[in-house]
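To start, the structure itself, in C-alpha coordinates.
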Amino acid sequence: MNEKTSTGATAVTDQVTEPQKGGDSPSMLSGWLRLFRTQPGEAMSPEALRMRRRFVWSCVVTYLTANLLMFLRFFFPRALFEPKTVFRIGYPSDFGFGVETKFQEDFRIWVVRNSERLFVIYARCTHLGCTPDWKESENKFKCPCHGSGYDSEGINFEGPAPRPMDRAKVELDAEGQIVVDTGVLYEWPAGATSEFDDPGAFLTV
(Lines give C-alpha, C1' and ligand atoms only; values in the text may rest on other atoms or scores of the structure.)
Protein backbone atom coordinates (compact mmCIF):
# COMPACT_ATOMS: atom_id res chain seq x y z
CA MET A 1 0.00 0.00 0.00
CA ASN A 2 2.81 2.37 0.89
CA GLU A 3 4.63 1.53 -2.30
CA LYS A 4 1.65 2.44 -4.48
CA THR A 5 1.20 5.74 -2.69
CA SER A 6 4.84 6.60 -3.12
CA THR A 7 4.76 5.78 -6.81
CA GLY A 8 1.64 7.85 -7.36
CA ALA A 9 3.17 10.83 -5.61
CA THR A 10 6.24 10.54 -7.75
CA ALA A 11 4.13 10.54 -10.90
CA VAL A 12 2.27 13.67 -9.81
CA THR A 13 5.53 15.43 -8.92
CA ASP A 14 6.98 14.64 -12.33
CA GLN A 15 4.06 16.39 -14.01
CA VAL A 16 4.62 19.67 -12.13
CA THR A 17 7.07 21.96 -13.87
CA GLU A 18 8.47 25.22 -12.60
CA PRO A 19 7.09 28.24 -14.54
CA GLN A 20 9.56 30.00 -16.81
CA LYS A 21 10.99 33.25 -15.49
CA GLY A 22 10.78 36.41 -17.59
CA GLY A 23 9.14 36.94 -20.97
CA ASP A 24 5.97 35.43 -22.40
CA SER A 25 5.25 31.78 -21.85
CA PRO A 26 5.38 29.43 -24.88
CA SER A 27 1.61 29.16 -24.81
CA MET A 28 1.21 32.96 -25.14
CA LEU A 29 3.69 33.12 -28.02
CA SER A 30 1.92 30.30 -29.74
CA GLY A 31 -1.36 32.18 -29.37
CA TRP A 32 0.11 35.28 -31.04
CA LEU A 33 1.55 33.21 -33.87
CA ARG A 34 -1.80 31.51 -34.47
CA LEU A 35 -3.32 34.95 -35.15
CA PHE A 36 -1.10 35.32 -38.24
CA ARG A 37 -0.75 31.69 -39.32
CA THR A 38 -3.36 29.28 -40.60
CA GLN A 39 -3.22 25.72 -41.80
CA PRO A 40 -4.00 24.93 -45.44
CA GLY A 41 -7.75 25.05 -45.93
CA GLU A 42 -8.31 26.66 -42.55
CA ALA A 43 -10.27 29.94 -42.52
CA MET A 44 -8.71 32.87 -40.64
CA SER A 45 -10.65 33.99 -37.60
CA PRO A 46 -12.12 37.53 -37.46
CA GLU A 47 -9.75 38.37 -34.61
CA ALA A 48 -6.73 37.28 -36.65
CA LEU A 49 -7.91 39.36 -39.61
CA ARG A 50 -8.26 42.44 -37.40
CA MET A 51 -4.82 41.94 -35.91
CA ARG A 52 -3.23 41.42 -39.32
CA ARG A 53 -4.89 44.57 -40.75
CA ARG A 54 -3.80 46.57 -37.72
CA PHE A 55 -0.23 45.35 -38.07
CA VAL A 56 -0.10 46.15 -41.80
CA TRP A 57 -1.57 49.62 -41.33
CA SER A 58 0.85 50.35 -38.50
CA CYS A 59 3.77 49.52 -40.80
CA VAL A 60 2.35 51.68 -43.59
CA VAL A 61 1.71 54.66 -41.31
CA THR A 62 5.20 54.40 -39.78
CA TYR A 63 6.82 54.29 -43.22
CA LEU A 64 4.82 57.25 -44.55
CA THR A 65 5.45 59.31 -41.39
CA ALA A 66 9.21 58.75 -41.60
CA ASN A 67 9.30 59.78 -45.25
CA LEU A 68 7.14 62.85 -44.56
CA LEU A 69 9.49 63.99 -41.79
CA MET A 70 12.51 63.51 -44.06
CA PHE A 71 10.76 65.55 -46.77
CA LEU A 72 9.82 68.38 -44.39
CA ARG A 73 13.39 68.56 -43.07
CA PHE A 74 14.51 70.14 -46.36
CA PHE A 75 12.20 73.10 -45.72
CA PHE A 76 13.71 73.73 -42.28
CA PRO A 77 17.49 73.50 -42.69
CA ARG A 78 19.72 73.80 -39.69
CA ALA A 79 20.78 77.43 -39.36
CA LEU A 80 24.32 78.26 -38.37
CA PHE A 81 24.40 81.46 -36.35
CA GLU A 82 27.74 83.21 -36.62
CA PRO A 83 28.87 86.48 -35.05
CA LYS A 84 28.05 89.54 -37.13
CA THR A 85 30.92 90.85 -39.20
CA VAL A 86 30.16 94.59 -38.90
CA PHE A 87 30.15 96.15 -35.44
CA ARG A 88 31.24 99.21 -33.44
CA ILE A 89 34.03 99.09 -30.87
CA GLY A 90 34.06 102.67 -29.54
CA TYR A 91 35.98 105.88 -30.21
CA PRO A 92 39.68 106.10 -31.14
CA SER A 93 40.28 107.91 -27.86
CA ASP A 94 39.12 104.80 -25.99
CA PHE A 95 42.29 102.96 -26.97
CA GLY A 96 45.77 103.57 -25.63
CA PHE A 97 49.05 102.46 -27.16
CA GLY A 98 49.50 98.73 -27.45
CA VAL A 99 47.21 95.73 -27.92
CA GLU A 100 43.60 95.63 -26.72
CA THR A 101 42.29 92.05 -26.31
CA LYS A 102 38.79 92.57 -24.87
CA PHE A 103 37.06 91.91 -28.21
CA GLN A 104 38.81 88.60 -28.86
CA GLU A 105 36.13 86.35 -27.38
CA ASP A 106 33.12 88.00 -29.02
CA PHE A 107 34.55 89.12 -32.37
CA ARG A 108 37.93 87.39 -32.71
CA ILE A 109 39.88 90.62 -33.12
CA TRP A 110 42.62 92.63 -31.43
CA VAL A 111 42.77 96.42 -31.62
CA VAL A 112 46.29 97.78 -32.00
CA ARG A 113 47.33 101.40 -31.67
CA ASN A 114 50.79 102.84 -32.25
CA SER A 115 52.05 106.40 -32.56
CA GLU A 116 50.57 106.85 -36.04
CA ARG A 117 47.80 104.33 -36.66
CA LEU A 118 45.00 102.31 -35.20
CA PHE A 119 44.19 99.02 -36.89
CA VAL A 120 42.42 95.74 -36.15
CA ILE A 121 44.10 92.34 -36.44
CA TYR A 122 41.88 89.36 -37.22
CA ALA A 123 42.83 86.74 -34.60
CA ARG A 124 43.51 83.83 -36.91
CA CYS A 125 46.88 82.16 -37.38
CA THR A 126 47.84 82.06 -41.04
CA HIS A 127 49.24 78.56 -40.67
CA LEU A 128 46.15 76.43 -39.94
CA GLY A 129 43.63 78.93 -38.59
CA CYS A 130 44.05 78.55 -34.83
CA THR A 131 43.54 81.53 -32.53
CA PRO A 132 46.85 82.79 -31.13
CA ASP A 133 47.26 84.19 -27.62
CA TRP A 134 48.61 87.62 -26.77
CA LYS A 135 51.66 87.23 -24.50
CA GLU A 136 52.01 90.66 -22.96
CA SER A 137 55.12 89.75 -21.00
CA GLU A 138 56.82 88.68 -24.23
CA ASN A 139 55.22 91.39 -26.37
CA LYS A 140 54.09 88.92 -29.02
CA PHE A 141 51.24 86.74 -30.25
CA LYS A 142 51.88 83.02 -29.87
CA CYS A 143 49.85 80.29 -31.57
CA PRO A 144 49.18 77.37 -29.19
CA CYS A 145 48.75 74.86 -32.00
CA HIS A 146 52.12 74.79 -33.78
CA GLY A 147 54.15 77.57 -32.21
CA SER A 148 53.87 80.35 -34.77
CA GLY A 149 54.92 83.71 -33.36
CA TYR A 150 53.88 87.23 -34.39
CA ASP A 151 55.05 90.60 -33.14
CA SER A 152 52.69 93.18 -31.62
CA GLU A 153 51.53 94.26 -35.09
CA GLY A 154 50.76 90.71 -36.24
CA ILE A 155 53.90 90.23 -38.36
CA ASN A 156 55.12 86.63 -38.31
CA PHE A 157 58.70 86.01 -37.22
CA GLU A 158 58.85 82.41 -35.95
CA GLY A 159 57.20 79.05 -36.52
CA PRO A 160 55.38 77.70 -39.60
CA ALA A 161 53.10 80.71 -40.24
CA PRO A 162 53.69 81.71 -43.89
CA ARG A 163 52.64 85.37 -43.59
CA PRO A 164 51.35 88.03 -41.18
CA MET A 165 47.86 87.85 -39.74
CA ASP A 166 45.14 89.66 -41.68
CA ARG A 167 43.72 93.04 -40.75
CA ALA A 168 40.02 93.91 -40.76
CA LYS A 169 38.48 96.94 -42.42
CA VAL A 170 38.04 99.95 -40.12
CA GLU A 171 36.30 103.28 -40.62
CA LEU A 172 34.58 106.01 -38.62
CA ASP A 173 30.82 106.42 -38.67
CA ALA A 174 28.93 109.71 -38.49
CA GLU A 175 29.29 109.78 -34.70
CA GLY A 176 33.03 109.25 -34.83
CA GLN A 177 32.90 105.65 -33.59
CA ILE A 178 35.10 102.94 -35.07
CA VAL A 179 33.23 100.49 -37.26
CA VAL A 180 34.96 97.16 -37.88
CA ASP A 181 34.11 94.85 -40.78
CA THR A 182 35.72 91.41 -40.48
CA GLY A 183 34.08 90.43 -43.76
CA VAL A 184 36.72 92.56 -45.49
CA LEU A 185 40.30 91.55 -44.70
CA TYR A 186 43.60 93.03 -45.83
CA GLU A 187 46.47 90.61 -46.38
CA TRP A 188 50.22 90.55 -46.84
CA PRO A 189 50.87 87.41 -48.89
CA ALA A 190 54.35 85.95 -48.78
CA GLY A 191 56.49 87.48 -51.50
CA ALA A 192 53.72 89.87 -52.58
CA THR A 193 52.77 93.49 -51.94
CA SER A 194 51.27 94.31 -48.57
CA GLU A 195 47.68 95.59 -48.36
CA PHE A 196 48.23 97.03 -44.90
CA ASP A 197 48.66 100.55 -46.30
CA ASP A 198 45.44 100.41 -48.32
CA PRO A 199 42.59 102.77 -47.41
CA GLY A 200 40.37 100.99 -44.90
CA ALA A 201 43.18 98.90 -43.40
CA PHE A 202 43.88 101.49 -40.69
CA LEU A 203 42.83 104.77 -39.12
CA THR A 204 45.21 107.68 -38.73
CA VAL A 205 45.33 108.85 -35.11
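Just give me the residues in region 111-145 being among the basic types (Lys, Arg) and in a strand (DSSP E or B), in sequence order. 113, 117, 135, 140, 142, listed by residue number. Of everything in region 92-130 that is in contact (Cβ under 8 Å) with a residue 60 or more places away in the chain, out of contact with any Leu (no Cβ under 7 Å at 6 or more places or on another chain) and not hydrophobic (A, V, I, L, M, F, W, C), the residue that is farthest from residue 153 (Cα to Cα) is 108.
For the residues 175, 153, 195, the requirement of being closer than 18 Å to residue 108 by Cβ, part of a loop (DSSP other than H, G, I, E, B) and in the same structural domain as residue 127 (by TED's automatic domain parsing) singles out 153.
Conditions tested, residue by residue: (1) touching a Lys or Arg at 6+ places or on another chain (Cβ under 6 Å); (2) surrounded by fewer than 16 Cβ atoms within 10 Å (Cβ to Cβ); (3) within 23 Å of residue 86 (Cα to Cα).
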{"position": "100", "(1), (2), (3)": "no, no, yes"}
{"position": "107", "(1), (2), (3)": "no, no, yes"}
{"position": "119", "(1), (2), (3)": "yes, no, yes"}
{"position": "149", "(1), (2), (3)": "yes, no, no"}
{"position": "160", "(1), (2), (3)": "no, yes, no"}
{"position": "166", "(1), (2), (3)": "no, no, yes"}
{"position": "170", "(1), (2), (3)": "no, no, yes"}
{"position": "173", "(1), (2), (3)": "no, yes, yes"}
{"position": "199", "(1), (2), (3)": "no, yes, yes"}
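Residues in region 67-88 that are modelled with pLDDT of 90 or more and out of contact with any helix residue (DSSP H, G or I) (no Cβ under 8 Å at 6 or more places or on another chain): 85, 86, 88.
Does residue 57 satisfy being surrounded by 11 or more Cβ atoms within 10 Å (Cβ to Cβ) and of a type in the set (Phe, Trp, Tyr)? In short, no. With the checklist (1) over 21 Å from residue 201 (Cβ atoms); (2) small (Gly, Ala, Ser); (3) assigned to a loop (DSSP other than H, G, I, E, B) in hand, flag the one item residue 66 doesn't pass. Only one criterion in (1) over 21 Å from residue 201 (Cβ atoms); (2) small (Gly, Ala, Ser); (3) assigned to a loop (DSSP other than H, G, I, E, B) is unmet by residue 66, namely (3).
Residues in region 27-37: is at least one assigned to a helix (DSSP H, G or I), at pLDDT below 75 and in contact with a Lys or Arg (Cβ under 7 Å, 6 or more places away or on another chain)? Checking region 27-37: at least one residue is assigned to a helix (DSSP H, G or I), at pLDDT below 75 and in contact with a Lys or Arg (Cβ under 7 Å, 6 or more places away or on another chain).
Look at residue 142 and say whether it is under 15 Å from residue 99 (Cβ atoms) and touching an Asp or Glu at 6+ places or on another chain (Cβ under 6 Å). Walk me through it before giving the result.
Details: under 15 Å from residue 99 (Cβ atoms): yes; touching an Asp or Glu at 6+ places or on another chain (Cβ under 6 Å): yes.
Considered against the rule, which asks whether it is under 15 Å from residue 99 (Cβ atoms) and touching an Asp or Glu at 6+ places or on another chain (Cβ under 6 Å), residue 142 comes out as yes.
The values are calculated or read from the model by the stated rules, or taken from the named source; none is laboratory data. This is a predicted model, so every value here is computed, not measured. So basically every Cβ, Gly included, is an ideal-geometry build from the backbone, and we count neighbours across all protein chains shown.
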